[in-house]
């Protein structure tokens, strides 16, 4: 009997003729029970464990996907109140900066993203933009940088020689951060501590997935996942992190 490779994932793909696109989904991650454990055991992405800082993956600021993403966040920042944002006064001097390599990211204040409220803030630790979304009963997807509301989902588009696009939806791995990812003491998709959710990622991150791929594609994906789960003898490949922790 052939053994399963330690890092194996199951995938599903289907064509979208309307967009001349092929969708490729990481079924193993979408069916896993990963969940964000920010401020509940997350060790952060510094070079050593720092759960007491409650910085999560916000220590280095957010990289914008483009000018549209940056403008949207800057506009949202003008709506934040002192009650929602610990560093609102500093934000008046600007919320973004340009790195030497030309990348635009959120400014850092006291060693982390300017939008990150710290544990000593009256509202507690967490993203100020997320706080505003909860206060106003609106989606944080329209307020936060793309990378922030998508994590740990990752979308990658590649085109072949004739222009056909393959869009891959998978987990954001340590390696996706580049060389700096190797320096992280901890990353959530590497740790069994984060695979403790009560729902599949496909359900718990439904809003994010719809925003990334559109409702028709998401519904098509869910038909497959739900039919698969309903089969009497259905088996699925557990996430590699979960397999290793057993």
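The values are calculated or read from the model by the stated rules, or taken from the named source; none is laboratory data. Everything quoted here is computed from the prediction, not taken from an experiment. With ideal geometry, Cβ positions are generated from the backbone for all residues, glycine too; neighbour counts draw on all protein chains shown.
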(1) under 17 Å from residue 28 (Cα atoms); (2) at pLDDT 95 or above; (3) surrounded by 14 or more Cβ atoms within 10 Å (Cβ to Cβ) all hold for residue 198 apart from (3)
Picked from the range 50-66 (must be in contact (Cβ under 8 Å) with a residue 24 or more places away in the chain and part of a helix (DSSP H, G or I)), the residue surrounded by the most Cβ atoms within 10 Å (Cβ to Cβ) is 53
Going through the range 94-109 in order, the residues found to be in contact (Cβ under 8 Å) with a residue 12 or more places away in the chain and either closer than 14 Å to residue 79 by Cα or out of contact with any strand residue (DSSP E or B) (no Cβ under 9 Å at 6 or more places or on another chain) (or both) are 94, 95
The residue that is nearest to the chain's Cα centre (by Cα), considering only those in the range 157-170 that are assigned to a loop (DSSP other than H, G, I, E, B) and in contact (Cβ under 8 Å) with a residue 24 or more places away in the chain, is 164
Looking only at the range 70-78, decide whether some residue is closer than 30 Å to residue 237 by Cα and part of a helix (DSSP H, G or I).
no
query = Being surrounded by fewer than 17 Cβ atoms within 10 Å (Cβ to Cβ) and within 29 Å of residue 183 (Cβ to Cβ), is that true of even one residue in the range 110-117?
reply = yes
Discussion item. Regarding the range 98-111, can at least one residue be identified that is within 19 Å of residue 39 (Cβ to Cβ) and part of a loop (DSSP other than H, G, I, E, B)?
Written reply: yes
Checked 7, 15 against criteria (under 29 Å from residue 159 (Cα atoms) and touching a strand residue (DSSP E or B) at 6+ places or on another chain (Cβ under 7 Å)); the one match is 15
Checklist entry - Has the range 176-187 got at least one residue that is in contact with a strand residue (DSSP E or B) (Cβ under 9 Å, 6 or more places away or on another chain) and assigned by TED's automatic domain parsing to the domain that holds residue 16? => result yes
Kindly establish whether residue 47 is assigned to a loop (DSSP other than H, G, I, E, B) and in contact with a helix residue (DSSP H, G or I) (Cβ under 6 Å, 6 or more places away or on another chain).
yes
Residue count, the range 118-131, condition more than 19 Å from the chain's Cα centre (by Cα) and surrounded by 12 or more Cβ atoms within 10 Å (Cβ to Cβ), comes to 5
Among 173, 203, 190, the single one that is without any contact (Cβ under 8 Å) to a residue 12 or more places away in the chain, touching a helix residue (DSSP H, G or I) at 6+ places or on another chain (Cβ under 9 Å) and surrounded by fewer than 19 Cβ atoms within 10 Å (Cβ to Cβ) is 203
When the range 67-86 is checked residue by residue, the ones that are touching a strand residue (DSSP E or B) at 6+ places or on another chain (Cβ under 9 Å) and surrounded by fewer than 11 Cβ atoms within 10 Å (Cβ to Cβ) are 67
Of (1) surrounded by fewer than 17 Cβ atoms within 10 Å (Cβ to Cβ); (2) in contact with a helix residue (DSSP H, G or I) (Cβ under 7 Å, 6 or more places away or on another chain); (3) farther than 23 Å from residue 42 by Cα, residue 93 fails just (2)
Could you go through the range 3-21 and let me know if any residue there is assigned by TED's automatic domain parsing to the domain that holds residue 219, over 22 Å from residue 184 (Cβ atoms), within 17 Å of the chain's Cα centre (by Cα) and assigned to a loop (DSSP other than H, G, I, E, B). no
